[in-house]
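Read through the structure below, which is laid out as structure tokens, and then see the notes.
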Amino acid sequence: MPESGSSAAARQAKQKRKSHSLSIRRTNSTEQDRSGLQRDMLEGQDSKLPLALRSNLLDLFGQIEREFENLYLENLELRREIDTLNDRLAAEGQTFEGADLAKGALKTKASHSTSQLSQKLKTTYKASTSKIVSSFKATTTRAVCQLVKEYAGHRDGIWDLGVTRTQPVVLGTASADHTAMLWSIETGKCLLKYLGHQGSVNSIKFHPTEQMALTASGDQTAHIWRYMVQLPTPQPVADISTPCEDDVDFSDKDDADGEVEGPIDCPSIRVATTTLRSHQGVVIAADWLVGGKQAVTASWDRAANLYDVETSELVHSLTGHDQELTHCCTHPNQRLVVTSSRDTTFRLWDFRDPSIHSVNVFQGHTDTVTSAVFTVGDNVVSGSDDRTVKVWDLKNMRSPIATIRTDSAVNRISVSVNQKIIALPHDNRQVRLFDMSGVRLARLPRSNRQGHRRMVCCSAWCEDNTTCNLFTCGFDRQAIGWNINIPALLQEK
């Protein structure tokens, strides 16, 4: 028997009210009802996400909804209290109208009540919205730290990168694909490819005054090679920033070698000017000493070697580490070398006095020291797989002057020259910025559409460059150029 029009309308209104009540007052339902609703929603949607991931996302969104619902209900309750208070004050005002003493008492009472209410409002909203405020702060960070350019073309992960110290200013990258590449910072175009190594290229450093590069490799050698590049015509400013919406996510594509757009017609160099030999293991890093007449290498054979660049002869072999070396770095204007190792220590080698070569051992980490770098002053900053970064004073090496604790292993760090901002590349794909006292300044934006999609291996500052002043690279086979608004970053601190 068909229903009458009024009966059908009543039932439809009842169902609508029931549905509305279910969506708004979900916190009143049982956990069984909630999980059943989640299953229904999951089964009813056409999505390529795994069921477990979708269920987890739905649960998180449910928690967010419940937080906002609690906040909404508290807001309603506070509004009712305000209305009640106003009604009571209005009634008391009418009762004592015309009496000066009563007006004073009323004013005092109202002021006290309002103060209590104001404090309650502040406490309630501060407790309820702390997580929401964090998301707003992240939005501000994105405005201060912007992704400008991506440098794609390597066929394997990028271990290291650096910027030339002479004109023309270009970016250099060292990759596990056995090559090193030089890039135009402004256009992202590959200018030159070095093909001289027979193994993974683990580091790249540029000569302080000449157009020469120093690369360390898994083939147990370090190469010095000269380069000449011509910068392409800069693109219009509007084309410098790659739209994030067009980025391709290779996070789950291990076999994407053929899909990465590579610089096919890039000029190449196949022969080194000088080859530095004598290591019995992988050469993991190399750097120029001040002046550029000597170079130091660090190897998995537990030794660091000091070479004369002109003759390629071994000058000193620096031994003492108990396990493989992971990094080496030289002081920008003094004959000092710091080496890092898997033995949880880093060592400071002093060559300032030709007759005495002293060494100091820094023991402050509990896992592999992945890098230790000098600042322009008298500090060393060390990063480790123990998820900490420590700042040391060269005049007092007993204990660090600052410790930064993070949630992921730290790789090859970099410290800006002028403001001494530490850039931390992490295993968990994040890049964070800290000051020398250990205060966190920012986290570089990262999502499925921008930022690194694999482990971030290295960071390098270039503060004088107007296009990009920070570079990072990782095992997603790309380097990224960032523009960090340093004055705004420090102002937010």
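Descriptive notes on the structure:
- Among the residues listed as Lys390, Lys395, the single one being touching a residue at least 24 places away in the same chain (Cβ under 8 Å) and among the charged types (D, E, K, R): Lys390
- Within region 263-299, the set of residues being farther than 25 Å from Lys193 by Cβ, open to solvent by 10 Å² or more (accessible area, probe 1.4 Å) and either without any contact (Cβ under 8 Å) to a residue 60 or more places away in the chain or over 33 Å from the mean Cα position of the chain (by Cα) (or both) comprises Ser278, Gln280, Lys293, Gln294.
- Against the numbered list (1) modelled with pLDDT under 95; (2) under 30 Å from Gly153 (Cβ atoms); (3) over 12 Å from the mean Cα position of the chain (by Cα), Arg446 comes up short only at (3).
- Residues in region 311-340 that are open to solvent by 40 Å² or more (accessible area, probe 1.4 Å) and outside any loop (DSSP other than H, G, I, E, B) were compared, and the one that is nearest to Phe362 (Cα to Cα) is Ser317.
- When Val376 is tested against the conditions (1) among the hydrophobic types (A, V, I, L, M, F, W, C); (2) crowded, with 21+ Cβ neighbours inside 10 Å; (3) closer than 22 Å to Gly172 by Cβ, the lone failure is (2).
- Residue in region 291-300 that is under 23 Å from Thr173 (Cβ atoms), part of a loop (DSSP other than H, G, I, E, B), at pLDDT 95 or above and touching a His at 6+ places or on another chain (Cβ under 7 Å) present: yes
- Considering region 414-435, and only residues there that are closer than 11 Å to Ser459 by Cα and open to solvent by less than 10 Å² (accessible area, probe 1.4 Å), the residue that is farthest from the chain's Cα centre (by Cα) turns out to be Ser416.
The values are calculated or read from the model by the stated rules, or taken from the named source; none is laboratory data. It should be emphasised that the depicted structure is a prediction, and the values quoted were computed from it without experimental measurement. Backbone-built Cβ (ideal geometry, glycine too); neighbour counts: all protein chains shown. Keep in mind that these areas ignore ligands, DNA and RNA; they rest on the heavy atoms of the full protein, side chains included. Shrake-Rupley method; radii C 1.70, N 1.55, O 1.52, S 1.80 Å.
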